[in-house]
Amino acid sequence: MPATFQRETLDNGLSIIAETDPAAHTAAAGFFVRTGARDERPEVMGVSHFLEHMMFKGTARRSADDVNREFDEIGANYNAYTSGELTCFYASTLPEHFERSVDILGDILRPALRQADFDTEKGVILEEIAMYKDNPFWVLYEKAMEQYFGSHPLAHRVLGTDDTIKALQRDQMQTYFDARYSADNTVVALAGRVDFRRAVEQVKALCGRWSNTGAARDSAAPPTREASFTLKDAKVNRAYLLMITPGPSSTDPRRYAASMLGQVLGGGDNSRLHWALVEPGTAEEAVAAYDPRDGCGDYYVYASCDPERADEVWSVVEAQIDGLVASLKPDDLERLRNKLATSVTLAGERPAGRMQRLGRLWTYERAYRPLEEELTAINAVTLDDLRAVYAAFPFRPRTVGRMLPA
């Protein structure tokens, strides 16, 4: 029996959606909040990610130990993540433990935000920021995004900075939480062996009193920059090269063609960049990918190599981009279709993957698209579609950054 889509909207605006499947062996739930780094004011940059941590520090009826212990008691596969555009809290369990997992998730979405917990967790966040400072790719990527998006909040760092986290106050977090973690800005996505009507009643009891704040976001595509910069770091002994350039948005029908174009350029061992740079030993890494966002999207291209070969490597990268459309062949298209279709199908094969797909899709589009419909769209992509998306997004303007040994 195929999965059945069901939906309900509570009086306070909270959306509950599900793909129920009586034959499934597990059940999954996720609370998706349409808020992330791009929704933060500059002075509180990093508050969304900090809040994600605070959700697990206890509520009015559970301590932090209770939250972790109860998830472990039911054998839940649970976690959370924050991006520039959304924050998600999720759990997958056996069906008999589903209601308890939903109870824990619904509870932690209304955290106590105790001052003592806030002060302790601030140190954890600062340690996490310090850890990422040792990752050349991450340092280069964050700097490139700042150069590329300029003053637009898409330039914000998900973790924040040392300065913004040190200055952040507990009351500022509470204000942000009250505005963004509202019923009308949250989607509850369910999948697997779930009694939907019973789940709706449970979520209504848990979340029916949540406020509706009219939380909004400006999703207009921001201006982007043609820019270049170089960082020097005494801790590195390789050259790291990164480019950011525009692509279609997460709701643009051309996103499938853009994803395939990113794959053929630098998606793994059979890509143009791999054969041109990695296989002959000119570079250690050479990858490219398409990253869709709300209202816009971008490609990134990344390579690492011997510092003395940095100019040579980047010349090859530019040549591969310039010749990408002319190099496309029918067998490329077949391989790319199969790869993307396999990825989408695998993600939707289990309730946990279906829940993630369902929740993200509804958060971005407020729409439902069956997996079969998405596979049809993937299989309909032609070589002309790949050429057209390249013509519309010709890897210009581009922001290019380098990190070199000091």
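Computed from the C-beta positions of A406 and N79 and an R0 of 51 Å, the FRET efficiency is 0.85 to the nearest 0.05.
When the Kirkwood radius is taken over all Cα pairs of region 227-405, what Stokes-Einstein diffusion coefficient follows at 4 °C and 1.567 mPa s, in µm²/s?
75 µm²/s
Mean separation of Cα pairs under 8 Å and 6 or more residues apart, divided by the residue count, gives region 227-405 a relative contact order of 39 percent. If Lys and Arg each add +1 and Asp and Glu each add -1, what is the summed charge of the other residues whose beta carbon sits under 15 Å from the beta carbon of R41? Combined, the nearby Lys, Arg, Asp and Glu give -3. Full extension of the chain between E349 and Y132 yields a length gain of 74.8 nm, computed as 0.36 nm times the residue separation minus the alpha carbon distance. Helix 115-132 and the longest principal axis of the Cα set of the chain meet at an angle near 20°. Subtracting the Cα-Cα distance of A179 and R369 from 0.36 nm times their residue separation leaves 65.5 nm of extension gain.
Mean residue ellipticity at 222 nm from the helices of the chain, using -39,500 (n - 2.57) per DSSP H segment of n ≥ 4 over the full residue count, to the nearest 500 deg cm²/dmol? Provide the component values of the computation, followed by the final result.
Values: 15 runs with 171 residues, N = 406.
Here the helix-only value at 222 nm equals -13000 deg cm²/dmol.
Checking the cross-link filter: which lysines have an alpha carbon closer than 26 Å to that of K329, excluding same-chain neighbours under 8 positions apart? Excluding near neighbours in sequence, the set is K339. Shown here are the Rg and Dmax of the Cα trace of region 244-308, at 13.0, 42 Å.
Bridging of K122 to lysines at a Cα separation below 18 Å is possible for K57, K133, K166, once same-chain residues fewer than 8 apart are set aside. How many nm separate the modelled label positions at D66 and Q172, each set 7 Å beyond the Cα in the direction of the Cβ? It works out to 3.0 nm between the two label points. The alpha-carbon of K204 sits under 18 angstrom from the alpha-carbons of these aspartates and glutamates, leaving out residues fewer than 8 places away in its chain: E8, D11, E99, D103, D107, D184, D195.
All of the numbers you see were taken from the coordinates with simple rules; none came from a lab. Here the structure is a predicted model, which is why all the values come from computation and not from measurement. Note: ideal-geometry Cβ built from the backbone for every residue, glycine included; neighbour counts use all protein chains shown.
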